[in-house]
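I have placed the structure first, in the form of structure tokens, so that the comments after it can refer back to it.
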Amino acid sequence: MYDCAVIGGGIAGLQASVILGRYMHNTVVIDRHHGRSLMAKNYKNILGWPNGISGPQLREVGWNQAREVGVEFVEAAVIGGYKKGNSFVLQCSNGTMIEAKRLLISTGLLDQIPENIEGLKDVLGLAVYVCPDCDGYEIKDKRTLVFGAGDVGASLACMLLYWTKEVTYINHEPDSRPVSPHWLDKCKEKSVAIVEGPIRRVNYADLQALSSVELTNGEIIEGEKGFIAFGGNEPQSDLASQLGVERLENGHIPVDGRSKKTNVPNIWAAGDVVAHSQLVAIAMGDGAQAAIWIHKSLQK
Ligand SMILES: Cc1cc2nc3c(=O)[nH]c(=O)nc-3n(C[C@H](O)[C@H](O)[C@H](O)COP(=O)(O)OP(=O)(O)OC[C@H]3O[C@@H](n4cnc5c(N)ncnc54)[C@H](O)[C@@H]3O)c2cc1C
């Protein structure tokens, strides 16, 4: 029986596990190795890393740090769970069952990224970004293309004018998700150009800089940087719901601001699955805070 099982070994889960290990709690991290931090190629907004660090690097450092303080790791997806007396039983995709007194849910969210745009994944996080709070600075005064759909893309395109005056919005799904008259007006008023048509390929000079984007109709649009905005990101909270944890309409988990406790006793949540801004520093803070309160509860 573990003191705590951490479901999701991304940024929030690893930070929590380092602290739980240092409290000498018997801790296991279960991770299916598929998440946002594995796609992020250069975090540049984290204190201490002025030249940036990639998500995979940060995870590897965190994994080793946690191992050194006795934390165990299981590479699997948690596919089910239930309460058993005062503990929880988790069913993993590799057939193992894990029992723990406390649970931390740090399963993150999954971004909507079209599979059919060639080259996009190569430059994601280097020349094309997902989060203006994280990477707005990277497009300062650069010709920027927003790849998106419907009003979500139009709204992000207008927001990016804070960093650059040259923004073009390419609506990749004009037939199913047209831009509403309200956002057409806003874009016109703010001089954001709108191009309609599915994108075939992202062309880049090097991984840090785009050269252009080619639409399926052959049209070429030049730009140096990009942002994606398709909406519909999915918090990975189905398992939490199965365990009785309350979710908001958008799938995020509400928690107590101080302790990160959910509505279910002995279950905590941290990181992007929780309802707040989606940044590494916040995921780390959440994980740390949850670990402290999990420790307090184990001492009782
Ligand atoms: C392309 C990109 C660039 C980004 N750039 C920045 C940036 O520059 N600065 C910044 O601050 N933030 C950035 N972010 C956001 C940042 O990566 C997230 O805020 C951070 O990863 C959140 O940490 P997390 O632990 O909540 O989730 P994650 O790091 O996504 O970890 C969640 C983990 O849970 C695991 N998991 C999910 N479900 C299960 C399950 N059922 N069983 C087992 N394991 C499970 C997944 O495998 C994953 O490893 C970026 C995100 C993306 C996608």
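Phi angles of segment 26-41 translate, via the Karplus equation with coefficients 6.51, -1.76, 1.60 and θ = phi - 60°, into HN-Hα couplings of 6, 10, 10, 10, 10, 9, 9, 6, 7, x, 4, 5, 7, 9, 7, 8 Hz per residue; Gly and Pro are given as x. The phi torsions of segment 224-236, fed into the Karplus equation with coefficients 6.51, -1.76 and 1.60 and a -60° offset, translate into couplings of 9, 9, x, 9, 10, 7, 9, x, x, 4, 10, x, 8 Hz, rounded to whole numbers, with Gly and Pro shown as x.
Which angle between 0 and 90 degrees, to the nearest 10, do you get for helix 11-22 versus the longest principal axis of the chain when only C-alpha atoms count? Around 30 degrees separate the two axes.
Each Lys and Arg Cβ is given +1 and each Asp and Glu Cβ -1; about its Cα centre, segment 120-229 then shows a dipole of about 100 debye. Of the residues Val61, Tyr43, Gly226, the one whose Cα sits farthest toward the positive end of the charge dipole of the chain, with +1 on the Cβ of Lys and Arg and -1 on the Cβ of Asp and Glu, is Val61.
Each residue in Val74, Val179 was given a count of other beta-carbon atoms within 10 angstrom of its own, and listing them fewest first yields Val74, Val179. Taking the DSSP bridge list for the chain and keeping only pairs wholly inside it, about 40 percent are antiparallel. With Rh defined as the Kirkwood radius, the inverse of the mean 1/r over Cα pairs, the Rg/Rh of segment 207-300 is 1.21. Taking the Kirkwood radius as Rh and the Cα radius of gyration as Rg, the chain has a ratio of Rg/Rh equal to 1.03. In sequence order, segment 195-200 has phi-based couplings of 10, 10, x, x, 8, 8 Hz under the Karplus curve 6.51 cos²θ - 1.76 cosθ + 1.60, θ = phi - 60°, and Gly or Pro positions carry x. No disulfide-compatible partner, judged by a Cβ distance under 4.7 Å, exists for the following cysteines of the chain: Cys4, Cys92, Cys158, Cys187. Footprinting exposure proxy ranking of Trp49, Trp268, fewest other C-beta atoms within 10 angstrom first, gives Trp49, Trp268. Largest first, the extents of the alpha carbon coordinates of segment 11-116 on the three principal axes equal 48, 40, 19 Å.
When each of Lys84, Lys186 is scored by the number of other beta-carbon atoms lying within 10 Å, the sequence from fewest to most is Lys84, Lys186.
More than 16 Å apart: what percent of Cα pairs in segment 10-62 qualify? Summing the P(r) of segment 10-62 above 16 Å gives 46 percent of all pairs. Put simply, the amide H of Ile194, placed in the peptide plane, has neighbours under 5 Å in Tyr169, leaving out anything fewer than 5 places away on its chain.
Extension gain, Asp206 to Asn86, is 37.7 nm, computed as 0.36 nm per intervening residue step minus the present C-alpha separation.
With 5 Å bins beginning at zero, the pair-distance distribution over Cα atoms of segment 120-229 amounts to 3, 14, 26, 26, 21, 9, 2, 0 %.
Here, each number is a calculation from the coordinates, and none is a lab measurement. Worth saying up front: this structure is predicted, and the values here are computed from it rather than measured. Glycine also receives a Cβ, built like all others from the backbone with ideal geometry; neighbour counts cover every protein chain displayed.
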